[in-house]
Every structure is written in C-alpha cells, then in structure tokens.
Amino acid sequence: MEGDCLSCMKYLMFLFNFFIFLGGACLLGVGIWVVVDPTGFREIVAANPLLFTGAYIMLAMGAMLFLLGFLGCCGAIRENKCLLLF
C-alpha cells in the first residue's frame, strides 16, 4: 500500500511540474511574439514604454518557469531530491 501511494505522488508531482512547464512555454512564446512581431503588438507596445518593459518581464518569467518545470519533471521521474529542491 505504501509503494502505491509513493508512486501516485511521483506521478502527481510530475503532472504538476508539467503544467508549470507548459505555462512557462506559453509565457515564453507570447513574450517572444510580442517583442518580435513587427506589425501586431509592436505599435501598441511602442506607444507606452512600460508595456515594452512588461514584454521583457514576461520573457524572463516564462524562461524561469520553463526551466523550473523542466527540472521538476526530471526530478520527479528520476526521484532526484536535488532537482526537486531546486
């Protein structure tokens, strides 16, 4: 019974970290799109410098969540305590 519970926790931890990974990938993708797209958001963002800074903050947060989710998934599958604590 104890082994089943630990196995369930392992896969729930992987699933939770996978959702963080996907969220980071989405934020990273939208941030890159806002910064690179010359016609769409560029005109809106160019009007207000604060929005342009927000795009870079979105890029940074997306990259950090992407990395955190990836390392969490690897740590959950391999049961590596160091990666999970990171």
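Taken together, the values in this text are just the output of simple stated rules run on the coordinates, not laboratory data. Note that the coordinates shown come from a computational prediction; the quantities given were computed from them, not determined experimentally. We place every Cβ from the backbone using ideal geometry, glycine too, and count neighbours over all the protein chains shown.
Brief remarks follow.
- In a fully extended conformation the segment linking Ala47 and Leu6 would gain 9.5 nm over its present Cα-Cα distance, using 0.36 nm per residue.
- Degrees between helix 2-36 axis and first principal axis of the chain (Cα, 0 to 90, nearest 10): 10
- Across all Cα atoms of the chain, the radius of gyration (one decimal) and Dmax (whole number) stand at 17.6, 61 Å.
- Think of the chain as a dipole: +1 on every Lys or Arg Cβ, -1 on every Asp or Glu Cβ, centred on the Cα centre; then among Phe14, Ile44, Leu65, Leu65 lies furthest on the positive end.
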